[in-house]
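Novice: Pasting a structure below so you can have a look.
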Amino acid sequence: MREVHIDREHVAETLGGEVYDPDGELVGTVTDVYLDDDSGSPEWIEVKTGLFKRRFVPLDHAQVVRQRVDIPYDRRVVAGTPKIKPIHGVVVPEDEDRLFHYYGISDYEHIPHPLRSMSH
């Protein structure tokens, strides 16, 4: 994934915060932050978009201010994100690749690593 300029402490403040799309529409609430297992950098947030729906959103190009996260993706795009089920707080590299593909993120230097939940 491209370099994200959001540090772990700063992004930890977003837990429980709200996520908004480019039109200012509420997408959902941040339930977790996932870190690249190799670098420890925050790369994805898990967003609760409905009663039992949780979707992953990349932090790439997101704006984070306290408990508000503005993302460059429409809420309908987030709603269609492939369902990813972390195992004991870990997202396997194959699932991260599915997310990259879905969001149209092309990073030729990306080497898949497991993603680890900040809360596990």
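Novice: Taking strands (runs of 3 or more DSSP E) that do not extend beyond the range 18-120, which have at least 3 residues that are under 22 Å from R8 (Cα atoms) and touching a residue at least 24 places away in the same chain (Cβ under 8 Å)?
Specialist: Here the list reads 18-20, 26-36, 42-48, 54-58, 68-70, 115-117.
Novice: Which residues, taken from the range 31-45, are surrounded by fewer than 22 Cβ atoms within 10 Å (Cβ to Cβ) and either of a type in the set (S, T, N, Q) or closer than 16 Å to R75 by Cα (or both)? Outline the logic, then answer.
Specialist: Within the range 31-45, the first condition is being surrounded by fewer than 22 Cβ atoms within 10 Å (Cβ to Cβ), and the residues that meet it are 31-32, 35-41.
Result: T31, S39, S41.
Novice: Taking D23, is it over 14 Å from the mean Cα position of the chain (by Cα) and farther than 17 Å from D7 by Cα?
Specialist: Working: over 14 Å from the mean Cα position of the chain (by Cα): yes; farther than 17 Å from D7 by Cα: yes.
So D23 passes the test.
Novice: Next question. Of everything in the range 55-75 that's among the charged types (D, E, K, R) and under 13 Å from V19 (Cα atoms), which residue is surrounded by the most Cβ atoms within 10 Å (Cβ to Cβ)?
Specialist: First, the residues of the range 55-75 that are among the charged types (D, E, K, R): 55, 60, 66, 68, 70, 74-75.
Keeping just the survivors that are under 13 Å from V19 (Cα atoms) gives 55, 66, 68, 70, 74-75.
On the way: R55: 24, R66: 9, R68: 14, D70: 16, D74: 14, R75: 20.
Once the filter is applied, the top-ranked residue is R55.
Every read-out reported here was derived from the displayed coordinates using simple, explicitly stated rules and does not represent laboratory data. Fair warning: this is a prediction, and the values are worked out from it, not measured in the lab. Note that we place each Cβ from the backbone using ideal geometry, even for glycine, and neighbour counts take in every protein chain shown.
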